[in-house]
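> I have a structure here, written as C-alpha cells, and I will follow up with some questions on it.
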Amino acid sequence: GEIDTSAYLPNPVSIDQRLVFAKNKSGLAYLGAGWSHPENGGTWSDGAAANLVVPIETLQVATILVEAKPLLSASHFRQVVHIRINGFDINPVILTAASRDRFQVHIPPEVKGQLKHSPVLKIQFHFPQAVRPVDIGVNVDQRKLALKLIALTVQ
C-alpha cells in the first residue's frame, strides 16, 4: 500500500502560530535539509539551499512571515533569497542592511489549490550569494552562510 508520510511530519501549525528556530525551540522540527546547528538566536542556512516542511491546520493561509537576518558585510552588502513553495517560484527577496529583519511571502493561488489535497507547505530557499564569513572579513566561520532563520509565522 501507500507509505504513510504523515508519521514523519511535525504537528500542523495554526494561523499566527510563531515557529521559533532557536536552540531547543519548537520550530526546529520543521527544518528540512540545508540548515546548520541551532543557536540561541536562530538557525543559519548552510550551503546554497535550505528547506522547511510546514503542515498547516487550515487552508485559510495567505502569507508566510519570515523573520531572518542576512549575512552581510561591507564587501557583501546584499543577500538575494529565491523562494519556491510547493514547486512554485515566488518573487525573490533582496535583503540589505536597510532591510527589516522580516519579509512576507505571499502564497500563490496555485499552491492554495494544492493544499486541499495535501495541507503541507514545502518551502525551499535558494541562496546564490551564500558566502563563508571568513571570506568576507566577518569572522573565522568556515560555513557557507546566507540567512539566519529566527522565526516563521503562517498568516
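The values are calculated or read from the model by the stated rules, or taken from the named source; none is laboratory data. Only a predicted model underlies this, so the values are computations on that prediction, with no experimental measurement involved. Neighbour counts run over all protein chains shown; Cβ positions are idealised from the backbone, glycine included. All accessible areas refer to the heavy atoms of the entire protein, side chains included, with ligands and DNA or RNA removed. Shrake-Rupley method; radii C 1.70, N 1.55, O 1.52, S 1.80 Å.
> Do you know which of the residues in the stretch 23-41 that are in a loop (DSSP other than H, G, I, E, B) and open to solvent by 50 Å² or more (accessible area, probe 1.4 Å) is farthest from L121 (Cα to Cα)?
N40
> Can I ask one more? Which of the residues belonging to the stretch 38-64 are within 13 Å of L115 (Cβ to Cβ), among the β-branched types (V, I, T) and modelled with pLDDT of 95 or more?
V54, I56, I64
> So if I check each of R100, R143, R84, which one is open to solvent by 40 Å² or more (accessible area, probe 1.4 Å), among the basic types (K, R), at pLDDT below 95 and farther than 18 Å from L19 by Cβ?
None of the other options fit; the residue is R100.
> Looking only at the stretch 63-80, how many residues end up being buried (at least 16 other Cβ atoms within 10 Å of the Cβ) and either within 18 Å of G41 (Cβ to Cβ) or touching a helix residue (DSSP H, G or I) at 6+ places or on another chain (Cβ under 7 Å) (or both)?
Residues in the stretch 63-80 being buried (at least 16 other Cβ atoms within 10 Å of the Cβ) and either within 18 Å of G41 (Cβ to Cβ) or touching a helix residue (DSSP H, G or I) at 6+ places or on another chain (Cβ under 7 Å) (or both): 8 in total.
> If you don't mind, another one. Could you please give the count of residues in the stretch 64-104 that are over 14 Å from F127 (Cβ atoms), part of a strand (DSSP E or B) and among the polar types (S, T, N, Q)?
Total satisfying the criteria: 3.
> Tally time: how many residues in the stretch 105-131 are assigned to a strand (DSSP E or B) and of a type in the set (A, V, I, L, M)?
Count: 5.
> Right, another one. Report, by residue number, each residue of the stretch 103-119 that is in contact with a Ser or Thr (Cβ under 7 Å, 6 or more places away or on another chain) and open to solvent by 50 Å² or more (accessible area, probe 1.4 Å).
Passing the criteria: Q104, H106.
> Quickly run through the stretch 53-94 and pick out the residues that are among the hydroxyl-bearing types (S, T, Y) and over 20 Å from R132 (Cα atoms).
Those that are among the hydroxyl-bearing types (S, T, Y) and over 20 Å from R132 (Cα atoms): T58, T63.
> Which residues, counting only those in the stretch 127-140, are open to solvent by 90 Å² or more (accessible area, probe 1.4 Å) and closer than 14 Å to R78 by Cα?
Of everything in the stretch 127-140, nothing turns out to be open to solvent by 90 Å² or more (accessible area, probe 1.4 Å) and closer than 14 Å to R78 by Cα.
> Moving on. Within the stretch 119-148, track down each residue that is free of Cβ contacts under 8 Å to residues at least 40 places away in the same chain and touching a Leu at 6+ places or on another chain (Cβ under 8 Å).
R132
> A further question on this structure: I'd like the full set of residues that are part of a loop (DSSP other than H, G, I, E, B), open to solvent by less than 100 Å² (accessible area, probe 1.4 Å) and either at pLDDT below 95 or of a type in the set (V, I, T) (or both), limited to the stretch 1-22.
Those that are part of a loop (DSSP other than H, G, I, E, B), open to solvent by less than 100 Å² (accessible area, probe 1.4 Å) and either at pLDDT below 95 or of a type in the set (V, I, T) (or both): D4, L9, P10, I15.
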